[in-house]
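Asker: Quick one: this structure, given as structure tokens, is what I'll be asking you about.
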Amino acid sequence: MTAQTLHLTSHQRFQCLAITEQVRDFVRSQAGLDGAVVVSGQHTTTAVIINEMEERLLVDLEQWLEAIAPSAGPWKHNDLELRSNIPADEPRNAHAHLQALLLGNQVVVNVKNAELVLGTYQDVILVELDGPRPRQVSLQLIASSTCPKT
Amino acid sequence: MTAQTLHLTSHQRFQCLAITEQVRDFVRSQAGLDGAVVVSGQHTTTAVIINEMEERLLVDLEQWLEAIAPSAGPWKHNDLELRSNIPADEPRNAHAHLQALLLGNQVVVNVKNAELVLGTYQDVILVELDGPRPRQVSLQLIASSTCPKT
Amino acid sequence: MTAQTLHLTSHQRFQCLAITEQVRDFVRSQAGLDGAVVVSGQHTTTAVIINEMEERLLVDLEQWLEAIAPSAGPWKHNDLELRSNIPADEPRNAHAHLQALLLGNQVVVNVKNAELVLGTYQDVILVELDGPRPRQVSLQLIASSTCPKT
């Protein structure tokens with residue numbers, strides 16, 4: 001299998017979930033692989049980042065994002081009565097879309113001999129920006145040019 | 001063909017152009033492909049993002065970017081008389097460079113059986129930050145490890 | 001060889017190091033390759049971006065990042081006395097983590113016939129956000145679907 005979907009559940013409005021181990025396990029199942037793995041959030045109010053899982057830094061991150069794109073900002077996307085065809089449970093989450101765009105929602109991690117090529121302090125992190133919710137992350141292996149020449 | 005260049009034209013200074021269908025058509029032309037497609041803007045004042053094409057959200061995005069990196073900010077890049085070798089029609093567009101760096105200028109979309117792996121509300125979007133202009137986006141298919149073992 | 005590690009040294013706290021030529025040389029060593037190259041910083045306080053190496057723009061970038069995530073901000077990550085197991089030389093660099101997350105720490109550059117697919121003004125740039133330091137950047141080639149059908 002060269003693809004896998006991670007199913008995760010966030011429990012807070014803002015939450016950082018380390019998924020490095022799940023990505024590593026997936027990659028290790030491909031003995032000898034050289035290439036990369038694409039880790040891609042399947043939502044518009046999540047982010048996928050690589051950084052340090054230091055708990056005080058993650059608080060800084062939450063507060064910084066709230067300052068840059070406040071949840072109570074004057075966002076037109078949140079005027080639900082002016083939009084058409086929206087579900088009854090549509091959230092007011094413009095800030096989460098904007099924060100997701102700032103952080104990005106995918107990373108590519110290089111793979112050498114079935115191991116992730118990451119620095120000491122680097123973790124792969126799913127950032128929940130509009131939780132709590134069930135969330136999905138798509139993993140896809142990508143191969144280097146190792147085909148035999150014909 | 002494993003590569004293609006999209007040629008698009010923006011008609012406003014800021015504009016979001018959905019290119020999901022063009023990327024999808026390209027991927028579908030590769031029957032059975034598993035892997036990913038790289039979607040990469042070929043300019044320094046565009047962005048390529050994945051998010052929701054909700055019209056009021058796109059207005060929020062424009063206003064948010066203008067607040068974070070204002071077009072009339074005190075940018076040194078805009079002092080054209082202090083730079084050398086610039087064309088006669090060089091624009092004052094430092095804000096557009098900075099906004100492009102905030103959003104990012106490429107995405108990788110996973111592909112399963114020649115279909116894009118995207119969530120319900122996810123569109124691939126070229127964001128024009130210094131239009132109107134003709135623009136190019138490079139598409140490149142990338143294969144998973146499906147070579148026969150020798 | 002489908003992978004390489006670039007070793008670089010920054011000499012300033014904030015510094016933009018163009019690495020386009022190193023990436024290009026690496027790609028050219030793979031005669032005829034179609035696909036992409038992943039360029040990935042191995043640290044949590046660097047960024048890897050594609051944009052223009054215009055010197056005044058780079059000053060704008062530095063000042064803009066300092067305004068958005070100030071080095072002297074009230075970051076919890078910088079209260080070293082409240083964290084456990086930190087090295088004696090741990091820097092106060094929360095701003096650099098946040099700036100790195102804003103810019104992103106990797107790019108994928110498409111490759112056609114062993115040449116980088118980049119626009120006129122696009123350079124691949126390692127952005128040092130907490131220098132001076134030695135730094136590493138991981139390069140990984142990724143192939144398009146060129147395997148012979150069996």
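The values are calculated or read from the model by the stated rules, or taken from the named source; none is laboratory data. Every value quoted in this text rests on a predicted model; they were computed, and no experiment measured them. Neighbour counts run over all protein chains shown; Cβ positions are idealised from the backbone, glycine included. Ligands, DNA and RNA are stripped out before the accessible areas are found, and what is left, the full protein with its side chains, is counted by its heavy atoms. Shrake-Rupley method; radii C 1.70, N 1.55, O 1.52, S 1.80 Å.
Asker: Starting from the 7 Å offset along Cα-to-Cβ, what nm value, one decimal, do you get for the label separation of A:SER29 and C:LEU8?
Answerer: Modelled inter-label distance: 3.6 nm.
Asker: Suppose we look only past 19 Å in the calculated P(r) of the stretch A:1-97. What percent of the Cα-Cα pairs does that tail hold?
Answerer: For the stretch A:1-97, the fraction of Cα-Cα distances above 19 Å is 57 percent.
Asker: Could you tell me what a quarter of the Cα convex hull surface of the stretch B:21-150 works out to, in nm² with one decimal place?
Answerer: So the Cα hull casts an average projection of 11.1 nm².
Asker: Then there is this: Compute for chains C and B the buried accessible surface, both sides summed, probe 1.4 Å, and express it in Å² to the nearest 100.
Answerer: Chains C and B together bury roughly 2800 Å² of accessible area.
Asker: Further, regarding this structure: Report which residues of the stretch C:1-17 become buried by 40 Å² or more of accessible surface when going from the isolated chain to the complete set of protein chains (1.4 Å probe; DNA, RNA and ligands ignored).
Answerer: Residues passing the criterion (a loss of at least 40 Å², heavy atoms only) are C:THR2.
Asker: Same structure, new question: Could you give the angle, 0 to 90 degrees to the nearest 10, between helix B:94-103's Cα long axis and the longest principal axis of the Cα atoms of chain B?
Answerer: Around 30 degrees separate the two axes.
Asker: Related question: Would you mind calculating the gained length between B:ASN85 and B:MET53 on full extension (0.36 nm times residue separation, minus the Cα-Cα distance), in nm to one decimal?
Answerer: Length gained, B:ASN85 through B:MET53: 7.6 nm.
Asker: Highest mean first, what order results for B:125-131, B:109-115, A:85-91 on Cβ atoms within 10 Å? Walk me through the numbers before you get to the answer.
Answerer: Values: B:125-131: 24.1, B:109-115: 19.1, A:85-91: 8.4.
Output ranking for B:125-131, B:109-115, A:85-91: B:125-131, B:109-115, A:85-91.
Asker: Could you name every residue in the stretch C:21-56 that has 50 Å² or more less accessible surface in the full protein assembly than in its own chain alone (probe 1.4 Å, ligands and nucleic acids excluded)?
Answerer: C:GLN42, C:THR44, C:ASN51, C:ARG56
Asker: At 7 angstrom along the Cα-to-beta-carbon line, where would the label on B:TYR121 sit relative to the other copies? Give the distances in nm, shortest first.
Answerer: Relative to the other copies, B:TYR121 has label-point distances of 3.3, 3.3 nm.
Asker: Might you tell me the accessible area per residue for the stretch B:1-108, computed with a 1.4 Å probe and given in Å²? Walk me through the numbers on the way to the answer.
Answerer: Details: 4570 Å² over 108 residues.
Accessible surface, normalised per residue, equals 42 Å².
Asker: Measuring from a point 7 Å out along Cα→Cβ, what nm distances, shortest first, does C:ALA72 have to its partners in the other copies?
Answerer: 2.9, 2.9
Asker: Taking a cut-off of 26 Å, what percent of all Cα-Cα pairs in the protein assembly as shown are separated by more than that?
Answerer: Working: 54953 of 101025 pairs.
Roughly 54 percent, rounded to a whole number.
Asker: As a test of the formula, what do you get for chain A when each DSSP H run with n ≥ 4 contributes -39,500 (n - 2.57) and the sum is divided by the residue count, at 222 nm and rounded to the nearest 500 deg cm²/dmol?
Answerer: Dividing the helical sum by the residues of chain A leaves -6500 deg cm²/dmol.
Asker: Moving on to the next point. Mind putting a number on the dipole of the stretch B:9-148 about its Cα centre? Charges go on the C-beta only, +1 for Lys and Arg and -1 for Asp and Glu, and I need it in Debye to the nearest 20.
Answerer: The dipole magnitude comes to about 320 debye.
Asker: If you roll a 1.4 angstrom probe over the protein chains with everything in place, what fraction of the accessible area of chain A belongs to carbon and sulfur, to the nearest %?
Answerer: Roughly 49 percent, rounded to a whole number.
Asker: Return the Cα extents of the stretch A:89-130 along principal axes one, two and three, sorted largest first, each rounded to a whole Å.
Answerer: So the three principal-axis extents are 45, 19, 13 Å.
Asker: Treat the stretch A:78-150 as a sphere of radius equal to its Kirkwood radius over Cα pairs and apply Stokes-Einstein at 37 °C in a medium of 0.692 mPa s; give the translational diffusion coefficient in µm²/s, rounded to a whole number.
Answerer: On the way: Rh = 16.4 Å.
In µm²/s, the coefficient rounds to 200.
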